[in-house]
Amino acid sequence: MLADLIKMSGKEILYLLEQEENIMNCLGFKNNNGQLKKDMRKKISEISGFCEQILKVIKKLDKDKEIVFLECSCGKSYLSFVLSYILEREFNIKTFFFGVDTNKELVQRCEEISSILGYGNMVFKHGKTIDFSTDRKVDIVIALHACNTATDEAIVKGIKIGAKHIMVVPCCHGQLRSQIKSHHPLTNLTQFGLLRYKFADILTDALRSQFLLGNGYYVELLGIVSPKLTPKNILISARKIKSKKNKGSLEKYYQLSNMFNTNFRLQEFFPEHSLNDTLVCTC
């Protein structure tokens, strides 16, 4: 069964969903004629591509135990609903989902949809990701297009609760754009607005990746869909491999941050990470 999961592509997931009228209608993917709405094609492709990567990490977990997900800045929780359907209804893998969002109306809507679908394995909370707490052990933290620093809060929450996997697809990268106009080695590049925007995206995700490495995670950056569909297609996929911090990677994070004089959101939640005489490169 797990081998079947691993081989399931985004296109196969998309085809599977298109045959499931109930969930597609409840999530608002189809119109009254039973056809996929044009304005939802990109979204469902993104969800299918993300699900494909999540399915690949399931093999790392104990299939006989409940897999607990936390979706941060969940919005309408499309991702959690689709994952619940695929894992439980199609492959009989026991799951539980937490969804957290600051929009109370969306949280209430998610509760209504889970009730309509009969998904008793889902709980939605109104509030900030960073304030979320539970007695359950969360296995996988996920976030799809959490806006700006909301992605960083998802990463922080995953690190602090010791999640086995942290998988985020960032949205806008606004926090560094104004910070890298000057006072760094590449000002000849960032003086041009469009290039600064593109470079801020790269630098932001590089800092996030180094920070995860520094906190004992193995990190891959993957594409969930073609960049022709959306430029916001990069998945930061992190798997916990060490219980201790990787001092060498943390130093690389701070070297990169200091090079561009950034005040990055991630480090605000970890004051104990500040470099000192005991934190030196061991690589």
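Against the condition surrounded by fewer than 18 Cβ atoms within 10 Å (Cβ to Cβ), closer than 24 Å to Ala154 by Cβ and either touching a Gly at 6+ places or on another chain (Cβ under 8 Å) or of a type outside the set (Lys, Arg) (or both), how does Leu87 come out, does it pass? No: the conditions fail for Leu87. Would you check if Ile159 is in contact with an Asp or Glu (Cβ under 6 Å, 6 or more places away or on another chain) and either in contact (Cβ under 8 Å) with a residue 60 or more places away in the chain or outside any strand (DSSP E or B) (or both)? When the stated conditions are applied, Ile159 does not pass them. The residue pairs whose first member lies in segment 46-67 and is free of Cβ contacts under 8 Å to residues at least 40 places away in the same chain, whose second member is outside any helix (DSSP H, G or I) and surrounded by 14 or more Cβ atoms within 10 Å (Cβ to Cβ), and whose beta carbons are closer than 6 Å, counting only pairs six or more residues apart or on different chains, are Glu66/Phe96. Give the residues of segment 110-134 that are of a type in the set (S, T, N, Q), part of a helix (DSSP H, G or I) and surrounded by fewer than 14 Cβ atoms within 10 Å (Cβ to Cβ), sorted by residue number. Result: Ser115, single match.
Among the residues of segment 183-206, those that are exposed (fewer than 14 other Cβ atoms within 10 Å of the Cβ) and aliphatic (A, V, I, L, M) comprise Leu189, Leu194, Leu195, Ile202. Residues in segment 224-244: is at least one farther than 24 Å from Thr129 by Cα and not in a loop (DSSP other than H, G, I, E, B)? No, because not a single residue in segment 224-244 is farther than 24 Å from Thr129 by Cα and not in a loop (DSSP other than H, G, I, E, B). Within segment 233-255, the residues that satisfy the criterion of being surrounded by 18 or more Cβ atoms within 10 Å (Cβ to Cβ), aliphatic (A, V, I, L, M) and within 16 Å of Ala163 (Cβ to Cβ) are Leu235, Ile236, Ala238.
Going through (1) in contact (Cβ under 8 Å) with a residue 40 or more places away in the chain; (2) surrounded by 19 or more Cβ atoms within 10 Å (Cβ to Cβ) one by one, Ser209 falls short only on (1). When Asp152, Asp101, Asp139 are checked against the criterion of being over 23 Å from Val57 (Cβ atoms), among the charged types (D, E, K, R) and either within 19 Å of the chain's Cα centre (by Cα) or at pLDDT 95 or above (or both), a single residue qualifies: Asp101. Starting from segment 87-109, take each residue that is part of a helix (DSSP H, G or I) and list its partners that are surrounded by 19 or more Cβ atoms within 10 Å (Cβ to Cβ) and among the acidic types (Asp, Glu), counting only C-beta distances under 9 angstrom and pairs at least six apart or across chains. Final answer for the pair search is Val107/Asp101. For segment 225-232, the criterion of a residue being buried (at least 16 other Cβ atoms within 10 Å of the Cβ), touching a helix residue (DSSP H, G or I) at 6+ places or on another chain (Cβ under 6 Å) and at pLDDT 85 or above is satisfied by at least one position.
Within segment 245-270, take every residue that is assigned to a helix (DSSP H, G or I) and hydrophobic (A, V, I, L, M, F, W, C) and give me the one that is farthest from Val169 (Cα to Cα). Among them, the one singled out is Met259.
The values are calculated or read from the model by the stated rules, or taken from the named source; none is laboratory data. Quick caveat, the model's predicted, so the values are computed rather than measured. Methodologically, a virtual Cβ is constructed for each residue, glycine included, from the backbone with ideal geometry; neighbour enumeration extends over all protein chains shown.
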